[in-house]
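> Input: one structure, supplied below.
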Amino acid sequence: MSDLDELAETARNRGLKLVRSRVRTPGKRRFGKAGLTDKAGKPVFGMDAKGPSAKPDDVEAYLRNLGAKDWGASLDVAVLPRKHKTKKRKAGPPTPANDSEPEPARNPPPKPRPKPQLREAKPSDAPRLVALIGELGHEIDEKSVRRNLGKLGKAAELPLVASLGKEVVGLIGRHLMTTIHRPNPVGRIPILVVAKEARGQNIGRMLVEAVEQWCRDQSCAIIEVTSNDRRAEAHAFYRHMGYERTSIRFFKKL
């Protein structure tokens with residue numbers, strides 16, 4: 001799939017249409033240019049009277065900004081609410097005390113929300129991990145999860161989980177890979193998921209930063225992420241975290 005095909009898919013996810021230049025001769029004006037319109041064909045970005053006029057990188061940056069709200073909602077980068085100024089009331093005359101009327105009952109203050117805690121996954125987490133993995137569309141049973149945790153434990157690569165109180169609400173994988181063509185090990189994030197009900201608390205960021213530090217401790221020079229092509233919101237989240245797209249991943253079932 002070409003970069004322009006990927007931009008077209010991302011544009012569709014935003015309710016827009018990617019318009020490509022019809023100029024096919026390199027070096028000519030408007031060669032390789034692109035622009036965006038809405039579904040009705042109205043120009044949105046990078047369009048003028050003669051057609052597409054923007055560079056694909058500029059179109060990608062525009063779409064990435066549109067996706068900021070999506071990754072905040074779906075992959076857990078918290079958006080801080082605006083602070084509203086409260087109007088000060090003018091002080092009035094003091095109210096005379098009335099011993100016959102009891103003071104209104106005060107509601108107890110709400111309990112503070114538990115803070116996310118990170119730790120290594122353990123076999124007893126298997127039922128919850130099956131549910132979290134299922135949110136990504138992967139089917140696996142508890143027995144397989146426990147077996148995989150055993151193997152990962154022997155390799156010192158146990159996944160990390162995030163919990164709120166006693167509930168596991170996030171999962172991230174970590175893997176160390178030595179290759180013949182790189183002088184340092186390569187760190188990998190093979191899976192990342194945060195439960196829908198726990199998003200908006202920066203849990204995704206906490207998990208990623210924890211694995212990044214683990215990779216630094218293992219002398220990794222780079223860290224890479226596996227993310228499905230159709231998860232545009234996830235791609236926006238990783239770009240926000242400083243990751244860049246550098247290659248295309250292929251796989252074959254055996």
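The values are calculated or read from the model by the stated rules, or taken from the named source; none is laboratory data. All of these numbers come straight from a predicted model, not from anything done at the bench. For neighbour counting, all protein chains shown are included, and Cβ atoms are generated from backbone atoms with ideal geometry for every residue, glycine included.
> For residue 224, which of the numbered conditions (1) surrounded by 14 or more Cβ atoms within 10 Å (Cβ to Cβ); (2) under 13 Å from the mean Cα position of the chain (by Cα); (3) not in a helix (DSSP H, G or I) fails to hold?
Among (1) surrounded by 14 or more Cβ atoms within 10 Å (Cβ to Cβ); (2) under 13 Å from the mean Cα position of the chain (by Cα); (3) not in a helix (DSSP H, G or I), residue 224 violates only (2).
> Could you list, in sequence order, the residues of segment 17-45 that are surrounded by 13 or more Cβ atoms within 10 Å (Cβ to Cβ) and either out of contact with any helix residue (DSSP H, G or I) (no Cβ under 8 Å at 6 or more places or on another chain) or free of Cβ contacts under 8 Å to residues at least 24 places away in the same chain (or both)?
Once the filter is applied, which keeps residues that are surrounded by 13 or more Cβ atoms within 10 Å (Cβ to Cβ) and either out of contact with any helix residue (DSSP H, G or I) (no Cβ under 8 Å at 6 or more places or on another chain) or free of Cβ contacts under 8 Å to residues at least 24 places away in the same chain (or both), segment 17-45 yields 19, 21, 23, 30, 33, 37, 43, 44, 45.
> Filter segment 230-254 down to the residues that are free of Cβ contacts under 8 Å to residues at least 12 places away in the same chain and among the acidic types (Asp, Glu) and list them by number.
Listed by number, the list holds a single entry, 244.
> If you don't mind, another one. Please work out which residue is farthest from the chain's Cα centre (by Cα), limiting yourself to segment 227-250 and to residues that are on the phi < 0 side of the Ramachandran plot, at pLDDT 80 or above and part of a loop (DSSP other than H, G, I, E, B).
That would be 250.
> Ok, one more. Determine whether segment 140-149 contains at least one residue that is more than 18 Å from residue 214 (Cα to Cα) and in contact with a strand residue (DSSP E or B) (Cβ under 7 Å, 6 or more places away or on another chain).
no
> Among the numbered conditions (1) within 14 Å of residue 117 (Cα to Cα); (2) of a type in the set (D, E, K, R); (3) at pLDDT 95 or above, tell me where residue 212 comes up short.
In the conditions (1) within 14 Å of residue 117 (Cα to Cα); (2) of a type in the set (D, E, K, R); (3) at pLDDT 95 or above, residue 212 misses (1) alone.
> Further, regarding this structure: Taking the stated definitions as given, is residue 209 without any contact (Cβ under 8 Å) to a residue 40 or more places away in the chain and either farther than 21 Å from residue 152 by Cβ or touching a strand residue (DSSP E or B) at 6+ places or on another chain (Cβ under 6 Å) (or both)?
No; evaluated as a whole, the condition is false for this residue.
> Going by the structure shown, is residue 170 buried (at least 18 other Cβ atoms within 10 Å of the Cβ), touching a strand residue (DSSP E or B) at 6+ places or on another chain (Cβ under 8 Å) and under 18 Å from residue 122 (Cβ atoms)?
When the stated conditions are applied, residue 170 passes them.
> Continuing with this model, one more query. Exactly one condition in (1) under 24 Å from residue 232 (Cα atoms); (2) part of a helix (DSSP H, G or I) is false for residue 148; which is it?
(1)
> Looking at segment 154-199, what strands (runs of 3 or more DSSP E) fall wholly within it and have at least 3 residues that are under 14 Å from residue 226 (Cα atoms) and over 15 Å from the mean Cα position of the chain (by Cα)?
So the answer is 175-177, 186-189.
> Does segment 196-207 include one or more residues that are in contact with a helix residue (DSSP H, G or I) (Cβ under 8 Å, 6 or more places away or on another chain) and farther than 23 Å from residue 6 by Cβ?
yes
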